[in-house]
Amino acid sequence: MSDQSIHPTQQLSRALYWFASALLLYGFVIWLLAQPIFALRSIEVAAPVAHVTQAQVKLVTDRHVRGNFFSVDLDQLRSAFEKLPWVREARVARRWPDTLVVSFSEHVPLARWNEAELLNQQGEVFAAAFDAPLPHLSGPENSHGEVTKTYLAYQQQLARVGRKIDTLQLSPSRAWRIKLDGGTDIMLGRADAATRMARFIALYPKLFANPAQAPLSVDLRYPDGVAVRLPRGATPII
């Protein structure tokens with residue numbers, strides 16, 4: 001007998017039967033997934049981390065893990081982990097039958113930024129407590145990427161003469177200023193700062209021939225010369 005010869009009432013009864021069966025099956029699946037056998041029982045950190053503590057992991061999971069192995073919202077949990085001070089990126093995955101595995105990519109501090117923040121090696125700003133010595137970079141709002149890039153370029157040049165940057169400043173008027181680890185101030189100004197930095201590197205052997213009489217400041221903002229301030233009693237550089 002073809003479907004066309006079935007009475008409309010029979011067609012409706014058949015549709016209702018399959019609909020009720022689907023509802024029963026759906027309800028059974030929901031009931032089954034809610035059973036204690038699918039409860040989450042452990043959170044595992046995939047690899048050792050330097051700054052994220054077990055207490056922080058527990059606090060986040062206690063606040064944000066809802067549901068069981070199948071229903072827990074992994075994106076919400078990942079976002080909560082990424083709010084921890086040292087976490088740059090978090091990944092959360094299920095591992096059968098009752099475990100969540102978390103892996104962290106932590107910020108690696110490169111420098112201090114302005115008053116109270118830090119910069120990581122990608123030039124991103126983050127806030128965390130850190131006591132170890134770091135160079136201090138500063139600049140106007142949203143200039144952290146540019147200042148980080150400039151710091152890395154200048155530090156590479158200074159490393160060739162055995163020096164390090166202690167502070168690097170970009171002023172609101174976009175003038176660059178450096179303080180070396182030995183205390184010497186280098187004023188590069190706004191225009192052609194990279195060219196002026198290269199000139200400083202070329203002059204370095206002469207300027208610092210006598211480390212005991214190292215310049216207090218070197219002003220490279222002159223197109224045809226350099227102004228050098230020496231310690232009291234130092235022999236003028238010729």
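The values are calculated or read from the model by the stated rules, or taken from the named source; none is laboratory data. Here the structure is a predicted model, which is why all the values come from computation and not from measurement. Backbone-built Cβ (ideal geometry, glycine too); neighbour counts: all protein chains shown. The accessibility values were calculated without ligands, DNA or RNA, using every heavy atom of the protein model including side chains. Shrake-Rupley method; radii C 1.70, N 1.55, O 1.52, S 1.80 Å.
Taking a Cβ cut-off of under 14 Å around Val52, the surrounding Lys, Arg, Asp and Glu residues balance to a net charge of +1, with basic ones at +1 and acidic ones at -1. With both residues required to sit in segment 135-236, DSSP beta bridges show an antiparallel share near 70%.
Taking every Cα-Cα distance in segment 190-238 and sorting them into 5 Å bins starting at zero, the pair-distance distribution P(r) comes out as 4, 20, 33, 23, 13, 6, 1 percent.
The order of the peptides 227-234, 162-169, 67-74 by mean Cβ neighbours within 10 Å, most packed first, is 162-169, 67-74, 227-234.
Both radii were evaluated on the Cα set of segment 159-200; the Rg over Rh quotient, with Rh as the Kirkwood radius, amounts to 0.97. Per residue, the convex hull spanned by the Cα atoms of segment 41-105 measures out at 75 cubic angstrom.
Tell me, what is the FRET efficiency for Asp98 and Ala50 to the nearest 0.05, using R0 = 22 angstrom and their Cβ-Cβ distance as r? Display every interim value, and only then the final one.
Numbers: r = 28 Å, r/R0 = 1.28.
Efficiency computed from Cβ-Cβ geometry: 0.20.
Once C-alpha pairs closer than 8 Å and six or more residues apart are averaged by separation and normalised to the residue number of segment 96-150, the relative contact order reads 28 percent.
Would you mind working out the accessible area per residue for segment 108-238, using a 1.4 Å probe, and quoting it in Å²? Working shown, then result.
Values: 7460 Å² over 131 residues.
I get 57 Å² per residue for this part.
Site pair Glu141 and Gln122 shows an inter-label distance of 2.4 nm when each label is modelled 7 Å from Cα along Cα→Cβ. Taking the inverse of the mean reciprocal distance over all distinct Cα pairs, the Kirkwood hydrodynamic radius of segment 134-228 comes to 13.5 Å.
Write down, largest first, the equivalent ellipsoid semi-axes of segment 134-186 in whole Å, where each equals the square root of 5 times an eigenvalue of the alpha-carbon gyration tensor. Walk me through the numbers on the way to the answer.
Numbers: eigenvalues 71, 27, 15 Å².
Equivalent ellipsoid of segment 134-186: 19, 12, 9 Å, largest first.
Reported to two decimal places, what Rg/Rh ratio describes segment 79-214 when computed on Cα atoms with Rh from the Kirkwood expression? Could you put the intermediate results ahead of the total?
Numbers: Rg = 19.2 Å, Rh = 17.0 Å.
So for segment 79-214, dividing Rg by the Kirkwood Rh gives 1.13.
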